[in-house]
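> Below is a structure I'd like to ask you about.
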Amino acid sequence: EYIQSYYYNKLEYTRFSSSVGKFVGFTEYGVKNAEYWNNDASLLSAMKAQKEAVCLNHVPVYYNNMLTKS
């Protein structure tokens, strides 16, 4: 799962989660940002592609490292 969170002053206001597939807002400001970003199809597709670029390429490496150390 790929998660990108946005914080201000130690408070999370918006998060993108690949399992949900969209931005979710946690504060009034975050909800406004999430609505704006969710309406941008190119931004959503780029964020969804980050899962393949970041997570799926590194899973075998981390998985093998964990097996050898346990």
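> Report, by residue number, each residue of the stretch 41-67 that is among the β-branched types (Val, Ile, Thr) and more than 21 Å from Ser5 (Cα to Cα). Quick ask: steps written out before the conclusion?
Filtering the stretch 41-67 down to residues among the β-branched types (Val, Ile, Thr) leaves 54, 59, 61.
Correct list: Val61 only.
> Next up: What are the residues in the stretch 26-70 that are open to solvent by less than 60 Å² (accessible area, probe 1.4 Å), among the polar types (S, T, N, Q) and within 16 Å of the chain's Cα centre (by Cα), if any?
Asn33, Asn38
> Of everything in the stretch 1-18, what is within 11 Å of Ala34 (Cβ to Cβ), within 8 Å of the chain's Cα centre (by Cα) and open to solvent by 40 Å² or more (accessible area, probe 1.4 Å)? Give them in sequence order.
Passing the criteria: only Arg15.
The values are calculated or read from the model by the stated rules, or taken from the named source; none is laboratory data. Everything quoted here is computed from the prediction, not taken from an experiment. Note that we place each Cβ from the backbone using ideal geometry, even for glycine, and neighbour counts take in every protein chain shown. Areas reflect the complete protein model, heavy atoms only, side chains present, ligands, DNA and RNA absent. Shrake-Rupley method; radii C 1.70, N 1.55, O 1.52, S 1.80 Å.
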